[in-house]
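Enquirer: What follows is a single structure, and I will ask about it in a moment.
No value in this document is a laboratory result; all are computed from the given coordinates. Given the structure is predicted, the values throughout are model-derived calculations rather than measurements. When we count neighbours, we look across all protein chains shown, and the Cβ atoms used for this are built from the backbone with ideal geometry, even at glycine.
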Amino acid sequence: MNKRIRTIFQYLLFLGLGIFFAWLSLKNLDSEKSEQIKISIKNAKHWLIIPVFAILFFSHFIRALRWRLLIESLGYYPSKANSFFAVLIGYLVNQGVPRLGEVVKCTILSRYEKIPADKLIGTIILERIIDAITLLIIFAITLIIQPQLYSQILEAFFSSAPVKGESKEISTLLITVILIAALVIIIALWMKIKKKTVADLLFLLKKIGNSILQGIRSIEHLKKRKQFIFLTIILWSLYLSGGYFGFVALQETSAYGIKEAFTVLSAGSIGMLATPGGIGAYAFLLQKTMQIYGLSEGIALAFGWILWLAQTTVILLGGLISFVLLPYFNKTKRQ
């Protein structure tokens, strides 16, 4: 298949997935739930939009500083402003075409800072590996502080009403077995279509494992590794606090705290990866997640979409402003 056609097909597939999740999220929206949402938004603490926007913008700035540390390890020293502009523009492009934003931000920094683009791509790959490791740690923390969450998630997303006399433990076990079986079938189909052997699969798993180890070991070789780890902690703490402020904004969610914020961060991160800009998937996953904690369907729906809209608005505004300021900043810098 032609590479361009394959790219278009993948984009349409993920966009279609996003629209499907949006439909799942909104299909049960009736007049009663709409009224609940209107009242909830009317009574919300609207002034909190300012600290939420500030947190989101600052998180992007921290990401730019962290990326800059990786670039400095190669012997190049881009400006903080150009790194920040490139990150925001990259996020903006990713809203439309997933992963293209990573290429665009490398191209931008390469153009304005005279850094080879191929070397910048290497730092992006390393950054993504480290983010994946960090996200796994977030998942682990979420489940450690809420041991019952795994079975609750399975019940909320996959289980129908239990048959009389059937325990939830059996239902959860059954769902787990089905998920594992589905994964095995998907892998088997992939091997059949791609004509791969068990040895090829083991090689791929080994390659992924080596990439993760390489990502961990690469931190040891950074000149400012303590600073890199500190920025990583700050970055994900900002993501966590964004969800917490979201709780405070609505009266119905104000009783939730850090434990629930970890769950929102975990579910939201999956949603952002699943579809372009998290459209549909982010709100749907947060809606289902918050229903686990007893939040009504209507308010959970509003909560998910409000958080997604806040993040998307920051990216749209920040990306567009960066497009305008980037050439102006570099023009004045050269004078």
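Enquirer: Going by the alpha-carbon gyration tensor, a ≥ b ≥ c the square roots of its eigenvalues, is the stretch 236-335 rounded (a/c under 1.5) or, if a/c is not under 1.5, prolate (a/b greater than b/c) versus oblate?
Expert: Prolate.
Enquirer: Take L202 and L135, extend 7 Å from each Cα along the Cα→Cβ direction, and tell me the distance between the two endpoints in nm.
Expert: Result: 2.9 nm between the two label points.
Enquirer: Round to a whole angstrom and tell me the spacing of the C-alpha centers of the stretch 224-297 and the stretch 69-137.
Expert: So the two Cα centres are separated by 23 Å.
Enquirer: So what J values fall out for the stretch 198-204 if you push phi through Karplus, 6.51 cos²θ - 1.76 cosθ + 1.60 with θ = phi - 60°, rounded to Hz, Gly and Pro as x?
Expert: 4, 4, 5, 5, 5, 5, 5
Enquirer: L317 versus R225, label points 7 Å from Cα toward the beta carbon: distance in nm?
Expert: 3.9 nm
Enquirer: Another one. When only Cα pairs under 8 Å and 6 or more residues apart are kept, what is the percent relative contact order across the stretch 30-334?
Expert: Once normalised by length, the contact order is 29 percent.
Enquirer: Computed FRET efficiency, Cβ-Cβ of L273 and I125, R0 22 Å: what is it to the nearest 0.05?
Expert: In this case the efficiency is close to 0.90.
Enquirer: What are the ³J(HN,Hα) couplings of the stretch 103-112, residue after residue, when phi is run through the Karplus curve with 6.51, -1.76, 1.60 and θ = phi - 60°? Round to Hz, x for glycine and proline.
Expert: Each residue's phi maps through the Karplus curve to give 5, 4, 5, 5, 4, 4, 5, 5, 5, 8 Hz.
Enquirer: Please give the residues of the stretch 56-98, grouped as numeric ranges, whose backbone N is less than 18 Å from a label point set 7 Å along the Cα-to-Cβ vector of V248.
Expert: Residues 56-59 fall inside that zone.
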